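Since the structure comes first, as C-alpha cells, the remarks are kept for the end.
The values are calculated or read from the model by the stated rules, or taken from the named source; none is laboratory data. Small disclaimer: the values here were computed from a predicted structure and weren't measured. Here the Cβ is made from the backbone with ideal geometry for all residues, glycine too, and neighbour counts use every protein chain on show. Areas reflect the complete protein model, heavy atoms only, side chains present, ligands, DNA and RNA absent. Shrake-Rupley method; radii C 1.70, N 1.55, O 1.52, S 1.80 Å.
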Amino acid sequence: MSARHDPAPVWEPTPERQQRAALSAYMAWLAEHRGVRCADYEELWRWSVNELEDFWSSIWEYFSVRSSAPYSSVLAEERMPGAQWFPGARLNYAEHILRGQATDEPAILHASELRELQTLTWGELERQVAAVAAQLRAHDVRAGDRVVAYLPNISEAVVAFLASASLGAVWSSCSPDFGARSVIDRFAQIEPKVLIAVDGYRYGGRDFDRLKVLSTLQEAIPSLAHTVIVPYLRPDPDTSELVGVRRWEDWVAAPDPPPLAFEQVPFDHPLWVLYSSGTTGLPKAIVHGHGGILLEQLKKGHLHLDLHAGDRMFWFTTTGWMMWNFLVGCLLTEASIVLFDGNPGHPDLNVLWELAERTRMTCLGTSAGFLTTSMKAGLHPAGAHDLSALQAVGSTGSPLPPEGFEWVYEHVKSDVWLFSTSGGTDVCTAFVAGCPLLPVYVGELQCRALGAAVAAFNEQGEAVIGEVGELVITRPMPSMPVYFYGDPDGSRYRESYFEMFPGVWRHGDWIEITPRGSAIIYGRSDSTINRQGVRMGTSEIYRAAAAVPEVIDALVVDVPGGDGELVMHLFVVLREGTDLDDELVARIRRRIREDCSPRHVPNHVHRVDEVPRTLSGKVLEVPVKRILMGTPVQRAASVGSLANPASLDYFVELASTL
C-alpha cells in the first residue's frame, strides 16, 4: 500500500521567510560554531539523529540553558528504555519560561464562554506564579510532591502549573469534562497532596456543575491534604460539602509576594504526569522530566514552529491533552500564547476564526476534525474575518485529508503555512512536524522532527521508504518518559513500546516516509481510541459500557471515515431478551460520557451476538479494525487462533457497507 504523491507543492516559503526563520539562524550558528554545514533540512535531520549527542548539546548551548550544576556527559547510556541524558545537570523548567521577558508585554491572551478576552502580561504572570508558589510552599508542598488540577484551559491553569514546577513539585491535570471515574483512575495513582479545581464550567452554552465530582474526588483520593477552588461558573460557589477548601483569589491576592525561587532539580526530575491508556488496566501514568521537556520544547517552539517576538500562538486544546502542555511550552519563545475554553462550534463554527481576528493570531492550531467540519459547513473564513495577521495553520489529532489542505488554501488564506503534525502523549511532542524551510504537499506532513529518528518498519523490522509501516523511533529522545507511576520494575513501560521490536520504540501508528522525506500518517495501528487527539484505552470504555446492566460484553474501535475523520464504533452483546433501542443506546452513550469523556461517546452502537476473542480470551480489536478498513479477513486475523471464528462474519459484512 502506498500513497500517490502530487509533485506540485501547495505552499512554498518565500526567500524572505526562509531568511528570517529561526531554523536558518540555527543552521548558520552550527556552521560557525560547530563546523556542521548542512545543505538542506534533510541533511540537517540526518545529522541530528546520527549525531545525537552533538545535536542535543547544540540545543543546550544555542538556547543558553541555565544549569546550576554542569552535566558530565550528554548521553551517558544510549538504550531504550533507560537512556540517561545530561547526568549531573541541575535546572528548573519554570525558570526558563519566566526568565528575561519584558514585563509589560503580553504573555497570555485568554477567552472562554464565561469570560471576555483578557490579557495577562509577563509581569502579572510572574507575580501570580510567585504568589501561588508561596502558598504551595506554606502548605508544605515540596519537590516531588504532586499537585493536580481539574481545570479548563484558562490562565489559572498555567499559573498553577508554573508555580508547581518552580518548587520541583509534580503537576498533573484533567479537563473538567472528564467524569469522576476517569479522574480518579488517573489522579489516585500518583497520590497528590493538592487539588486545584473549578466549581464548574460552560460548554456549548450549557453550565456543568462540578462540586459533587470534587466531593467524590476528595473521598476517593485520601492523599489530598488541600483543595483550592477557582470560582469559574459562579462568583461564590457553595463549598460546604467539601473538606479543607481554600479560595484561589486568596492565593493570588498578595500584591508583593516573595521573589520566585526556582528549585534546582536533576535533569530527569519529574515535571508532570500525562496519561495514555492501553487495552487493559488503569491509564498509564507517564512521567516526563524537567530537562527532557525543556530541550524538546526549546527545539520545537523555535526551530519547527518558528515563533518570534510579537507572534501569538494558539492551539485548541483542553488541559487533558498533551497539546496543552505543548502550548504552554511555547512560552519558552518570545511569543504570546492564546487560550480558549469552550465549544469551537458554539454558537457557530466561526468562534475560533473570530478569536483569530480579535487576538491578531499568527498561528492557529486545531484538529483535522475542526478543519474538515468547517469545510463541510461551507465556511469562508477569509471572506468573513480579518486574518491578515495569520501566518500559519497547524493541524493534529488525526490525519488531515487532502481536501482539508485544499479548503485551507482556498477559503482561509492562499499564502498561509499549513503544517500537519503527528506525535504523542508518550513523548509530549510531535515527531513528524512542520518546517518553515520546506514546501507543503497535499496530504503530507513536511518532515521528521530534528532529533527524532523516525522510520517506517515493515513486519520484518526493516526500514522502508514509500511503503506503509509501523511508526518507530530507533534512537532515544530526551522527552521520552522517565518512568510510569506504579511500574517499579519498568515492565509496563517496556510492554507499551518495545515488545514488537526490542530496543526500538513502536508508537502504534501507520506511517509512510516518502522519497522526499515527508510523511503520511494513516491512523492508529493499535487499538487505542484517539478522539480529537485525546487517547483513551478501550478498557475504560468497556468498564463504562459494562456499568449498563443490559450490556454483558463489548468491543470498540475507531476507523477513518470517508473524509478522513475517525469514526468510533461500539459493538455490544446484550442480555437475552434485550433490544438495542434508542433508549438503551442513549443510556450507553450517557454512561460513557459521564465515566470517560464527551469525546469518547461512540458515533455508532451496534448489537452483535458475540465479541471475537482469541483462545486465551483476548478481544480482537486490531483485527476487527483492519477488517472494517477493508483488509481481507485472512490477512487481518489468524483465524485458527480464535475461540469463535464465525464471529468475524458480522464485521466482514459491515465493512462492505461502510
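Couple of notes before you dig in:
- Were the residues from R607 through D209 laid out at 0.36 nm apart, the gain over their Cα-Cα distance would be 139.9 nm.
- Region 386-445: relative contact order in percent, alpha carbon pairs under 8 Å with at least 6 residues between: 34 percent
- Using a probe of 1.4 angstrom and keeping all protein chains present, the accessible surface of region 184-261 works out to 48 square angstrom per residue.
- Amide H within-cut-off set for H288, under 5 Å, with H built and near neighbours excluded: L271, W272, L274, V482
- Calculated FRET efficiency for the pair L117/E241, C-beta based, R₀ 30 Å, to 0.05: 0.35
- For the residue pairs K299/K625; K193/K284; K193/K300, alpha carbon separations beyond 29 Å are given by K299/K625; K193/K300.
- Once you reduce region 428-445 and region 216-271 to the center of their Cα atoms, the two points are 38 Å from each other.
- Simple spin-label estimate for R34 and Q634 in nanometres, 7 Å along Cα-Cβ: 5.2 nm
- Between the beta carbons of S24 and E576, assuming R0 = 60 Å, the FRET efficiency works out to 0.30 to the nearest 0.05.
- Of the peptides 191-198, 619-626, 644-651, the order by per-residue mean of other Cβ atoms within 10 Å, starting with the highest, comes out as 191-198, 619-626, 644-651.
- Accessible area of C38 in the full protein assembly, 1.4 Å probe (Å², nearest 10): 30 Å²
- Long-range HN-HN contacts of L445 with modeled amide H, under 5 Å: A519, I520, I521
- Gained length - E406 relative to E583, 0.36 nm times residue gap less alpha-carbon distance: 59.7 nm
- In terms of packing, defined here as the mean over residues of other Cβ atoms within 10 angstrom, the peptides 149-157, 64-72 line up highest first as 149-157, 64-72.
- Computed E for N458/S67 - FRET, C-beta separation, R0 35 angstrom, nearest 0.05: 0.25
- Surface share of carbon and sulfur [accessible, 1.4 angstrom probe, percent] for the chain: 48 percent
- DSSP-defined beta bridges in the chain - what % are antiparallel, rounded to 5: 55 percent
- Sorting F262, F431 by accessible area puts them as F262, F431; the probe is 1.4 Å, largest comes first, and only protein heavy atoms count.
- Gyration tensor verdict on region 270-408 (Cα atoms; rounded if a/c is under 1.5, prolate if a/b is larger than b/c, oblate otherwise): oblate
- Residue-wise HN-Hα couplings along region 185-194, as the Karplus relation 6.51 cos²θ - 1.76 cosθ + 1.60 with θ = phi - 60° gives them from phi, are 4, 8, 5, 4, 4, 9, 6, x, 8, 10 Hz; Gly and Pro carry x.
- Largest accessible area first, the residues D487, D140 order themselves as D140, D487 under a 1.4 Å probe with ligands, DNA and RNA left out.
- Region 1-131, accessible area per residue, ligands and nucleic acids excluded (1.4 Å, Å²): 50 Å²
- Mean separation of Cα pairs under 8 Å and 6 or more residues apart, divided by the residue count, gives region 5-157 a relative contact order of 11 percent.
- Taking only the C-alpha atoms of region 171-283, Rg followed by Dmax gives 15.9, 49 Å.
- Sequentially through region 150-157, phi angles give Karplus couplings (6.51, -1.76, 1.60; θ = phi - 60°) of 10, 10, x, 7, 10, 4, 4, 5 Hz, Gly and Pro residues having no value and appearing as x.
- Annotation for region 95-149 versus region 352-402: alpha-carbon center distance of 28 Å.
- Sequence-distant residues sharing a close amide H with W417 (under 5 Å, placed H): A392, V393
- Listed peptides 508-519, 372-383 by packing density, highest first (mean Cβ within 10 Å): 508-519, 372-383
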